[in-house]
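Reading through the structure tokens given below for one structure.
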Amino acid sequence: MRALTAAVALAAVFSSVGYTQSCDTTPEFAGHRTANGVVRAQYNAVSRGEWSDVIHFGEDILESNGAPGHKVAALTNLCAAYAATGEYTMAIESCDAALEMRDGAWRALNNRGVALWLSGEQEAAIASFQAAEASSSGEDEVTANLALSQCVAAG
């Protein structure tokens, strides 16, 4: 009975103060790794938010004669680094280059959506998140970004 009374009291408080839903404010990047050691180092830098290292490793990979899959990963990670540092045009260009090499690369689509979101282009970002969802199999980053966009839309 005491729990029910507390629940009723909380409901009354929230409804009387005009409770608003709290949304995460930052979308999630999706790092991309391969068996290549430099790409793995770049991925680890993405995981730690060490954006200058991500850019350094990415440039090294793109200048190499590496496999196309390694370059897709590097471009996808570069997209995240550029978006995180406010270089939205460079971020989108990097993701677009990755998508030219591998159409439907869900990480590139997701990170393109993050770059668009951070640049204020929310509708375009949502389209990228939806495309990432269609190309992935329920990946956590994509799910979180779609939830963020739905929460913000619900306002």
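Computed values, structure above
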{"quantity": "Whole-number percent relative contact order across region 30-154, with pairs defined as alpha carbons under 8 Å at least 6 apart", "calculated": "19"}
{"quantity": "Gain upon complete extension [SER64, GLN122; 0.36 nm per residue less C-alpha separation]", "calculated": "17.4 nm"}
{"quantity": "Positive-end residue of LEU116, ALA35, TRP106, charge dipole of region 30-154 with Cβ unit charges", "calculated": "ALA35"}
{"quantity": "Unit charges on C-beta of K, R, D, E only; dipole of the chain, Debye", "calculated": "540"}
{"quantity": "Isolated Cys in the chain, by beta carbon distance under 4.7 Å", "calculated": "none"}
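Throughout, read-outs are computed from the coordinates displayed, never taken from laboratory work. Treat the numbers as computed from the prediction; the structure is a model and nothing was measured. Here Cβ is always computed from backbone atoms with ideal geometry, including for glycine, and neighbour counts include all displayed protein chains.
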